[in-house]
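Enquirer: Sharing a structure here in structure tokens format.
The values are calculated or read from the model by the stated rules, or taken from the named source; none is laboratory data. These numbers were taken from a predicted model, which means no experiment stands behind them. With ideal geometry, Cβ positions are generated from the backbone for all residues, glycine too; neighbour counts draw on all protein chains shown. Each accessible area value is taken on the protein alone, full model and side chains, heavy atoms only, with ligands, DNA and RNA left out. Shrake-Rupley method; radii C 1.70, N 1.55, O 1.52, S 1.80 Å.
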There are 2 protein chains.
Amino acid sequence: MRAAIALADKEGLEALTMRKLAQGLGVEAMSLYHHVSNKEAILNEMVDWIFGEFRLPTTEEPWKETLRARAISAHDVLVSHPWAIHVIETRRDPGPLTLQHHEAVLACLRHGGFSVPLTAHAYALLDSHIYGFVMQEMTLPFRTYEEVEELAEHILAQMPEELFPSFTELTREYILKPGYAYANEFAFGLDLILDGLERAKESEQMT
Amino acid sequence: MRAAIALADKEGLEALTMRKLAQGLGVEAMSLYHHVSNKEAILNEMVDWIFGEFRLPTTEEPWKETLRARAISAHDVLVSHPWAIHVIETRRDPGPLTLQHHEAVLACLRHGGFSVPLTAHAYALLDSHIYGFVMQEMTLPFRTYEEVEELAEHILAQMPEELFPSFTELTREYILKPGYAYANEFAFGLDLILDGLERAKESEQMT
DNA sequence: ACCTGAACACCGTTCAAGT
DNA sequence: ACCTGAACACCGTTCAAGT
């Protein structure tokens, strides 16, 4: 398990083959099948491990703060294991740590005063933001600010400005400004969503 | 191109191999390399085609309405081509239809009165919701209401209720109610986000 | 109980050879 | 210009055979 995560972290998901995993463990590929039923099972366990890394929200703290912290933690975990979002996307049966995590988020919302339907809405929305944001972040063709700059210049140079005025404007006046980092956009959306959920809860409680 | 999309639609992304694609075209796999440089190029074109299917927002209509319609259209397109979200996630260079689509969304926000930074925030947020939601929707282990019911009963039966009180409550009081469909959650989040963006724009204009 | 070598049914892709 | 057969370097997985 640890070997599989380390291998995917270091060499990418496509390098995680049964042969290479076995090699890292000093064994032949076929031996792995004595400890795990197939590769799917390994991927399932990897996803469950990821959920175990997310900070659990509590029912003691205010819902907004604790869910904000868990969202940021989830974002950070997913970004530091770039294979995770892809693998999560293909899993269909949640492991024990995953269930435990879901339970903690749901309990937090219910204790925070959300009705059952609003809890369902809120959970779907919060996780859409986390997964969708990380997905976009991972597909960006750059990671460092230097790469952003280089790529943006390259794009600007070959993009007809008349056809893409808003695009070039955004690149020039926002992306190429010092201090730009896509990851900073995460908190904006998160806070907008949390504020919106608070408002929805309050208007629900008035009726 | 059309053959590749049809094959992925009908038999799934894992069935889209060069050999099967060629077979459907009545030709050998190796012949494809005369018309396309490699499989990556095919996947790039498929993603660009997907973006071409999204309804383009306009600058004539009010931003909120036209962006709402484009989000719903994008959701519907992605759900009806289940391979799309996975392939988008691994693409790194946008095609012409993709760029055109981005330009239209950015122009719509700018015409709607959003500043350049707020336009960047808004776009990241809207697309996070679309991608993240679809991603979750695709990984659900059910599609029809009957399957929901069956699975929920199965889960309830083997889940220790003391350990997962909120989970069982949600399943019993929300998911198992007639008329439940996960896809319905999409509009809730979308409207919450659009309202939040409107509010953010107004408070920006006051300063 | 654990490991292994050979094999099977696949991949994407290259390349020399055909028309 | 377009297509093809054989081949290469890989996959996940099965299975009989070893210790």
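Enquirer: Just one of B:LEU106, B:LEU97, B:LEU78, B:LEU67 is at the interface with another protein chain (Cβ under 10 Å from one of its Cβ atoms) and assigned to a helix (DSSP H, G or I); which is it?
Expert: B:LEU106
Enquirer: Under the condition of being more than 30 Å from B:GLU103 (Cα to Cα) and either more than 16 Å from DNA strand D (Cβ to nearest atom) or touching a residue at least 40 places away in the same chain (Cβ under 8 Å) (or both), which residue from the stretch B:8-22 is most open to solvent (accessible area, probe 1.4 Å)?
Expert: Among those residues, the one meeting the criterion is B:LYS10.
Enquirer: Going through the stretch B:90-107 one residue at a time, which ones are touching a residue at least 40 places away in the same chain (Cβ under 8 Å) and more than 19 Å from A:GLY189 (Cα to Cα)?
Expert: B:THR90, B:ARG91, B:ASP93, B:PRO94, B:GLY95, B:PRO96, B:LEU97, B:THR98, B:GLN100, B:HIS101, B:ALA104, B:ALA107
Enquirer: Within the stretch B:113-144, which residues are open to solvent by less than 20 Å² (accessible area, probe 1.4 Å) and outside any helix (DSSP H, G or I)?
Expert: B:PHE114
Enquirer: Now for a separate question. Any idea how many residues of the stretch A:23-57 are open to solvent by 60 Å² or more (accessible area, probe 1.4 Å), part of a helix (DSSP H, G or I) and of a type in the set (A, V, I, L, M, F, W, C)?
Expert: Going through the stretch A:23-57 one residue at a time, the tally reaches 2.
Enquirer: Exactly one of (1) in contact with a Leu (Cβ under 8 Å, 6 or more places away or on another chain); (2) more than 10 Å from DNA strand C (Cβ to nearest atom); (3) farther than 16 Å from B:PRO96 by Cβ is unmet by B:GLU60. Its number?
Expert: Looking at each condition in turn, B:GLU60 falls short on (1).
Enquirer: Given the conditions (1) away from DNA strand C (no atom under 16 Å from the Cβ); (2) in contact with a Gly (Cβ under 8 Å, 6 or more places away or on another chain); (3) of a type outside the set (Lys, Arg), report the number of the one that B:ASN44 does not fulfil.
Expert: (1)
Enquirer: Of the residues A:GLY189, A:GLY196, which is facing another protein chain (nearest Cβ under 7 Å), of a type in the set (Gly, Ala, Ser) and in contact (Cβ under 8 Å) with a residue 24 or more places away in the chain?
Expert: Going through A:GLY189, A:GLY196 in turn, the sole match is A:GLY189.
Enquirer: Tell me, yes or no, whether the stretch A:145-155 has at least one residue that is out of contact with any Gly (no Cβ under 8 Å at 6 or more places or on another chain), at the interface with another protein chain (Cβ under 7 Å from one of its Cβ atoms) and of a type outside the set (Val, Ile, Thr).
Expert: no
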